[in-house]
1. Near LYS53, which aspartates and glutamates are there with a Cα under 19 Å away, not counting those fewer than 8 places off in the same chain?
2. Among the lysines, select those whose C-alpha is under 21 Å from the C-alpha of LYS18, and discard any that sit fewer than 8 residues away in the same chain.
3. Length gain on complete extension for the stretch GLU26 to GLU82, per 0.36 nm per residue less the alpha carbon to alpha carbon distance?
4. State, to one decimal in nm, how far the label point of SER55 lies from the label point of VAL104, with both points 7 Å from Cα in the Cβ direction.
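What follows is calculated from the coordinates using simple rules that are stated; it is not laboratory data. Keep in mind the model is a prediction, meaning the values are calculated, not measured. We place every Cβ from the backbone using ideal geometry, glycine too, and count neighbours over all the protein chains shown.
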Amino acid sequence: MRRLPGPMDQGHGSMATKAELEAELEKLRKRNATLEAQAEKEAGSEDSPEGTKSSNEIRQLLEDHGIDLSQVQSLGHDVVEEFGRLQKDYPITALLIAFSLGYVVGRAQG
């Protein structure tokens, strides 16, 4: 993130005058108003990003590929229960699995 010049950046560490601070404050307020207007404009023009799908679209895709959503949900429940048991019995193993999964997902995303 870029650092904005502040009152201490003028000269050799001397204090800025009240007029200088008020001028800088006014510039920041104008910049803030401009950025807010741009953000509102972008938010209004972009209803839904192209990469996102609604839950109905996801369900339809699963059905098209022959995947039963209830089976997926029960499998997810079983995995959570199994991981909870694994965490109690083998905490270090569970920690390594969680770290490895996070690493793989992080590498896959970018």
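1. Leaving aside aspartates and glutamates fewer than 8 places away in the same chain, those within reach of LYS53 are GLU63, ASP64, ASP68.
2. Qualifying lysines at Cα under 21 Å: LYS27, LYS30.
3. The span from GLU26 to GLU82 would gain 14.3 nm if fully extended.
4. With each label placed 7 Å out from Cα toward Cβ, I get 2.8 nm.
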